[in-house]
Amino acid sequence: MQQLKWNHFNVKQLSPTIGAELQGLDLSQELSRDVIDEIKEALWNYKVIFFRDQKITSKQQLRFASQFGELEIHPFLPPNAETPELVRFEKNAKAAGYENQWHHDVTWREEPSQGAILRAVEIPPVGGDTLFVDANAAYEGLPDQIKDRIDGLYATHDFLRAFARQVPKEKLEEIRAKYPLVKHPVVINHHETGKPLLYVNRIFVSAIDGLEENEGYELIDLLCREFEILEYSCRFRWETNSIAFWDNQAVQHYAASDYSPHIRVMERASIKGTRPERVRS
């Protein structure tokens, strides 16, 4: 990755491919438009960026996140009581983490979130890391014949694969009408950089259009295994008041659920996105 110069912060890369810590910023303060624009540029370049020692409140987290776009409210996950735009993840021995699969967030939406800002409120003494993997590297690592095969294919994304247990049976029909099955290209182009990205995940993808069920499952498995290549990834070890900001098109993430019976509390703000598209030259 090319070494870049930044005007408003210092950068410490976490891996040659993906991830960087941005140092020298205080997110409790209002940031100028120039600083916000440079943070965006760093996000597009590193795909996921991290901040340490940010003693900010939930409202300050929302203020920071809202400078990158309109915030979304998750219909299923529990919110912070005072700020519904924040999803609050409270995990312990009785409520173990289940986000320990590679995934993009909310791909079952017609317009999945553009990015997410996750803040560590309380962390376990050991464990609970989050891993991120580069969707462009996953695509570029495919053999040419697989790239040719998947270009133009669409995958079906279904919220029920992950959230069926959170929807009361009597409300299932109502929720399904509100969030019908959604189809997205298997390969998309990043909305800013134009880079091709592999856009399938095991949590939400239920089928590949035009393929028989077994063939579709085999292809989903083959493609999802690309995200398991460690050379495409970085790993973030949380500290209290750490923040991760990821590009939800450009990366998938995996929250390691290895800290029971300890407590892990996080708050996430998600930025509304646009419908993923594939633009072929």
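Values in this text are rule-based calculations from the coordinates and carry no lab data. Small disclaimer: the values here were computed from a predicted structure and weren't measured. Backbone-built Cβ (ideal geometry, glycine too); neighbour counts: all protein chains shown.
Taking the dipole about the Cα centre of the chain, with the C-beta of Lys and Arg at +1 and of Asp and Glu at -1, give me whichever of Ser242, Leu22, Val121 is farthest to the positive side.
Val121
Given (1) 18.5, 55; (2) 19.2, 69; (3) 19.5, 58, which label gives Rg and Dmax of the Cα atoms in Å as computed from the coordinates?
Answer by label: (1).
I want the local charge near Glu267. Using Cβ-Cβ distances under 9 Å, sum +1 for each Lys or Arg and -1 for each Asp or Glu among the other residues.
Details: positive: Arg88, Arg119, Arg268; negative: none.
Neighbourhood net charge equals +3.
Which whole-Hz couplings ³J(HN,Hα) result when phi for each residue of region 236-251 is put into the Karplus expression 6.51 cos²θ - 1.76 cosθ + 1.60, θ = phi - 60°, listed in order with x for Gly and Pro?
10, 9, 6, 10, 4, 6, 7, 9, 10, 10, 10, 7, 6, 7, 7, 9
About the Cα centre of the chain, how large is the charge dipole given +1 on each Lys and Arg Cβ and -1 on each Asp and Glu Cβ? Please answer in debye to the nearest 20. Kindly include the intermediate steps, with their values, before the conclusion.
Details: 34 positive and 43 negative charges, 121 e Å.
With only Lys, Arg, Asp and Glu charged at Cβ, the dipole is about 580 debye.
Given an 8 Å cut-off on Cα distances and at least 6 residues of separation, report the relative contact order of region 135-226 as a percent. Could the numbers behind the result be given before it?
Working: 117 pairs, mean separation 34.5, N = 92.
So the answer I get is 37 percent.
If a/c stays under 1.5 just call it rounded; otherwise compare a/b with b/c (prolate if a/b is bigger, oblate if not). Do that for region 135-226, with a ≥ b ≥ c from the square roots of the Cα gyration tensor eigenvalues. Provide the component values of the computation, followed by the final result.
Details: a/c = 2.45, a/b = 1.84, b/c = 1.33.
Prolate shape, in that a/c is at least 1.5 and a/b is the bigger ratio.
Ignoring everything except DSSP H segments at least 4 long, calculate the 222 nm mean residue ellipticity for the chain; use -39,500 (n - 2.57) per segment, divide by total residues, nearest 500. Before the final figure, lay out the partial values.
Numbers: 7 runs with 60 residues, N = 281.
That calculation yields -6000 deg cm²/dmol at 222 nm.
Pairs of alpha-carbon atoms within less than 8 angstrom and 6+ residues apart define the contacts here; what relative contact order does the chain have, in percent? Display every interim value, and only then the final one.
Numbers: 577 pairs, mean separation 98.9, N = 281.
Across the chain, relative contact order equals 35 percent.
Listed here are the pairs Lys59/Lys178; Lys40/Lys147; Lys12/Lys47; Lys147/Lys195; Lys47/Lys183; Lys59/Lys171; which of them are more than 20 Å apart at the Cα? Numbers along the way, then the final one.
Numbers: Lys59/Lys178 29 Å; Lys40/Lys147 29 Å; Lys12/Lys47 14 Å; Lys147/Lys195 14 Å; Lys47/Lys183 24 Å; Lys59/Lys171 32 Å.
Table pairs above 20 Å Cα-Cα are Lys59/Lys178; Lys40/Lys147; Lys47/Lys183; Lys59/Lys171.
Indicate the gyration tensor shape class of region 1-91 (rounded, prolate or oblate), computed on the Cα atoms with a ≥ b ≥ c the square roots of the eigenvalues: a/c under 1.5 is rounded; otherwise a/b larger than b/c is prolate and the rest oblate.
Details: a/c = 2.09, a/b = 1.68, b/c = 1.24.
Verdict is prolate for region 1-91.
How long is the gain from Gln101 to Asp148 if the chain were fully straight, where each residue apart is worth 0.36 nm and the alpha carbon distance is subtracted? Numbers along the way, then the final one.
Details: separation 47, 0.36 × 47 = 16.92 nm, distance 2.67 nm.
Gain on stretching Gln101 to Asp148: 14.2 nm.
From Cα pairs below 8 angstrom and at least 6 apart in sequence, can you work out the relative contact order of region 15-84, rounded to a whole percent?
Details: 44 pairs, mean separation 27.3, N = 70.
Taking the mean separation of contacting Cα pairs over the length of region 15-84, I get 39 percent.
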